[in-house]
Amino acid sequence: MRSFVAELEPGAAAAPICVAGFTDSHWIREAFGTVAYGFFPARAMDAELAARLIHSGSERVPVEDLELGVRFLRHAAQAICS
């Protein structure tokens, strides 16, 4: 995550936050005894608007943010598998 953020925004740092919500990652943690991080980079949508839309009837992700998320997943896979 750090190397992706540094590549995307030189000088920026990834910082943990706590989001009031629920994730299915507990199944991964229980099954494999591992840590699971939630990370989805977003730049196109205002963070306050995104927070209000999570799990709402009009929840959505801008295409630009979806593309950025795919870039991150490719970056992570390459970093892990290299």
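The values are calculated or read from the model by the stated rules, or taken from the named source; none is laboratory data. Nothing here was measured: the structure is a model prediction, and the numbers come from that model. For neighbour counting, all protein chains shown are included, and Cβ atoms are generated from backbone atoms with ideal geometry for every residue, glycine included.
The table below lists the values:
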{"quantity": "Single residue of Gly33, Gly57, Gly69 found to be under 27 Å from Glu9 (Cα atoms), at pLDDT below 95 and not aromatic (Phe, Trp, Tyr)", "calculated": "Gly69"}
{"quantity": "All helices (runs of 4 or more DSSP H) inside the chain with 1 or more residues being free of Cβ contacts under 8 Å to residues at least 40 places away in the same chain, of a type in the set (D, E, K, R) and surrounded by 12 or more Cβ atoms within 10 Å (Cβ to Cβ)", "calculated": "25-32, 63-81"}
